[in-house]
Amino acid sequence: MVDLKRQYQHIKAEVDAAIQSVIDDTAFINGPEVTRFAEELAGNLGVKHVIPCANGTDALQIALMALGLQPGDEVITPSFTYIATVEVVALLRLKPVFVDVDKDTYTINAESLKQAITPNTKAIIPVHLYGQAANMEEILAIAGERNIPVIEDNAQAIGGDYTFSDGRKVKTGAMGLIGCTSFFPSKNLGCYGDGGAIFTSDDTLAAQIRMIANHGQSKKYYHEVVGCNSRLDAIQAAILRIKLRRLDQYCDARRRVADYYDAAFAGNPRIVTPFRAPYSRHVFHQYTLQLEGVDRDRVQEKLAERGVPSMIYYPVPCHKQNMFRGLGASEFDLPVTDFLQDRVISLPIHTELTGEELKFITSHVLQAVEESVLTEA
Ligand SMILES: *Cc1c(COP(=O)(O)O)cnc(C)c1O
């Protein structure tokens, strides 16, 4: 699905030197690389503060902790997302309230969101799934009227942007009160291990987030609140600085892959290619199709036989996961989520795919789909 080796070959000299320099300086924890990376990312996103942390899941957890929520407070999230978005809600003894997504953007549906809001709603977490920004203008308006904080899960959309109706262009992750991301290796801005970050332009909140990520510490050995230990390694920060400079280029490369796929599948009645919302630039963390009237398992088998990887993100929506059974999560009625869960399939996408590989993949996908059409009963 991804080829990190080839990407590394292009930046090897720079990365190797940066890693060596961290080792030479023995500044493994915090230190100048981490500070510089945070400043550079803040500049890139147009936010005042970037607080690096250990991974994207921690970023979401710390963001929720910083809001000072109470057990039982409701947090609205899509069910059609990676489990981390919701897991941290439950971990903090908050109540996940699942809402449906749009059939085209795969992100929070505004109507479903409105209906789910109660006086106990204390946060909303839109997810920019697969690299497509959620409709933030609508979400922020709904949340703003009711004074509900919005935390963006930007783990799949870093590098993307969003254009508001007044023409303002803002980076994904920089629109809500807080933004969270992951630097997991396969993400659009990935390091060579685990990493994550939290963004905000609110000074008070930034101080709180920093404190929570560092054992609730205000000054050394003085702890104000219960926090955690979540840090980005200096080696990872050094690698991320190099890759951040190429992020736009990486996003362009992903879009070129998506353009190729779109053209190859255009007009095929069995294949729905990804929708690109007019309000944002898709950064294609995933290239995800919907299959119509096709046996998806068979498509996957045939592709695997022919050496083409494919994945289902995600085979079980969050509200149907066993971990949430006790929370009555399965009672949520999310028809679009259910519909998508049976139909989506993601194809390989990364920055180094060649024309030849794309030709190979698309011809096999077209063939596998053709051979897996369901006959009417
Ligand atoms: C990857 C991901 C996360 C979690 O990131 P980790 O760094 O793996 O903890 C959270 N949300 C979404 C949508 C993700 O894709």
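Coordinate-derived values only; no laboratory data. Note that the structure is a prediction, hence the values are computed from the model and not measured. Ideal geometry is used to build each Cβ from the backbone, glycine not excepted, and the neighbour counts take in all protein chains shown.
Shape class for region 131-239, computed from the alpha carbon gyration tensor (a ≥ b ≥ c): oblate, with a/c not under 1.5 and a/b at or below b/c. Given springs between every Cα pair under 10 Å in a Gaussian network model of the chain, which of Glu331, Glu152, Glu138 has the largest fluctuation? Fluctuation is largest for Glu331. Remark: spin-label model distance Ile242-Thr354 equals 2.3 nm, labels positioned 7 Å along the Cα→Cβ axis.
Only aspartates and glutamates eight or more places from Lys243 in sequence, or on another chain, were considered; those with a Cα closer than 19 Å are Asp3, Glu14, Asp16, Glu33, Glu39, Glu40, Asp161, Asp194, Asp233, Asp252, Glu352.
Taking label positions 7 Å along the Cα-Cβ direction at both Arg276 and Phe339, the computed distance is 2.4 nm, reported to one decimal. Local charge for Arg276 was computed over the other residues whose Cβ lies under 15 Å away, with Lys and Arg +1 and Asp and Glu -1, and equals -1. Given +1 at the Cβ of Lys and Arg, -1 at the Cβ of Asp and Glu and no other charges, the dipole of the chain around its Cα centre is 680 debye to the nearest 20. FRET efficiency for the pair Val316 and Thr26, taken as 1/(1 + (r/R0)^6) with r the Cβ-Cβ distance and R0 = 45 Å, rounds to 0.50. Kindly flag which residue pairs out of Lys171/Lys220; Lys95/Lys219; Lys48/Lys219; Lys103/Lys169; Lys12/Lys171; Lys122/Lys320 have an alpha-carbon separation exceeding 30 Å in this structure. Listed pairs above 30 Å: Lys171/Lys220; Lys95/Lys219. Candidates Ala133, Ile11, Ala264 compared by Cα position along the dipole of the chain: farthest toward the positive end lies Ile11, with charges placed on Cβ. Sorting 198-211, 248-261 by average packing, meaning the other beta carbons within 10 Å per residue, from highest down gives 198-211, 248-261. Each peptide among 10-18, 155-163 gets the average number of other Cβ atoms lying within 10 Å of its residues, and from highest to lowest they stand as 155-163, 10-18. Here the chain is described by how far its Cα atoms reach on the three principal axes: 69, 55, 42 Å, from widest to narrowest. The charge dipole of region 8-149, taken about its Cα centre with unit charges on the Cβ atoms of Lys, Arg (+1), Asp and Glu (-1) only, comes to about 460 debye. Electrostatic tally near Leu67: other residues with Cβ closer than 12 Å to its Cβ, Lys and Arg +1, Asp and Glu -1, net -1.
In the chain, a dipole from Cβ-located charges (positive for Lys and Arg, negative for Asp and Glu) runs towards its positive end, and of Leu291, Val88, Leu41 it is Leu41 whose Cα lies farthest in that direction.
Counted by neighbouring Cβ atoms within 10 Å, the residues Lys359, Lys320 run from fewest to most as Lys359, Lys320. By the beta-carbon count within 10 Å of each Cβ, the least crowded to most crowded order of Leu374, Leu45, Leu140, fewest first, is Leu374, Leu140, Leu45.
Residue ranges 21-30, 92-101, 180-189 sort as 180-189, 92-101, 21-30 when ordered by packing (mean number of other C-beta atoms within 10 Å per residue, highest first). Dipole check for region 309-377: with +1 at the C-beta of Lys and Arg, -1 at the C-beta of Asp and Glu, and the Cα centre as origin, the magnitude is about 260 Debye.
Here, region 247-370 is characterised by an Rg to Rh ratio of 1.01, where Rg is the alpha-carbon radius of gyration and Rh the Kirkwood radius. Label reach from Ser186 (point 7 Å along Cα→C-beta): in region 261-287, amide nitrogens under 16 Å belong to 284-287.
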